[in-house]
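Every read-out reported here was derived from the displayed coordinates using simple, explicitly stated rules and does not represent laboratory data. Quick caveat, the model's predicted, so the values are computed rather than measured. When we count neighbours, we look across all protein chains shown, and the Cβ atoms used for this are built from the backbone with ideal geometry, even at glycine.
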Amino acid sequence: MLVNDDGNEVVTCPECPHCHRLFCAQCKVAWHGGMKCGEFMSLNENEREKEDLMVMNLAKDKRWRRCSKCRFYVEKSQGCSHISCRCGHQFCYACGKPWNQYHGCT
């Protein structure tokens, strides 16, 4: 049971009294700092580990995109926004939408 002494603040990141690790009181999982609960819960089960969250934060900082088909991260170093992923899927690096001949994103 979590008790908030002052009654005004929502407890979100308490420490376990036994192992002293942080956890999310809202999601009831290990602490997912830098990510809102809804965003964390929308991740696939295999994307919720500490290392996965670190890669996601790095990708956000570096402005990498993920292929919507295979979920592989790509980085654009030069050229236009038309990306051909290793899986064959084509998408726009600027907006992430599937690429077609009429795509108008800049």
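Observations on the model:
- Of all residues in segment 48-65, those that are in a loop (DSSP other than H, G, I, E, B) and exposed (fewer than 14 other Cβ atoms within 10 Å of the Cβ) total 2.
- Subset of segment 66-106 [closer than 28 Å to M35 by Cα, outside any loop (DSSP other than H, G, I, E, B) and either small (G, A, S) or in contact with a helix residue (DSSP H, G or I) (Cβ under 8 Å, 6 or more places away or on another chain) (or both)]: R66, Y73
- Of all residues in segment 33-59, those satisfying the criterion of being under 8 Å from the mean Cα position of the chain (by Cα) and without any contact (Cβ under 8 Å) to a residue 12 or more places away in the chain are E39, L43.
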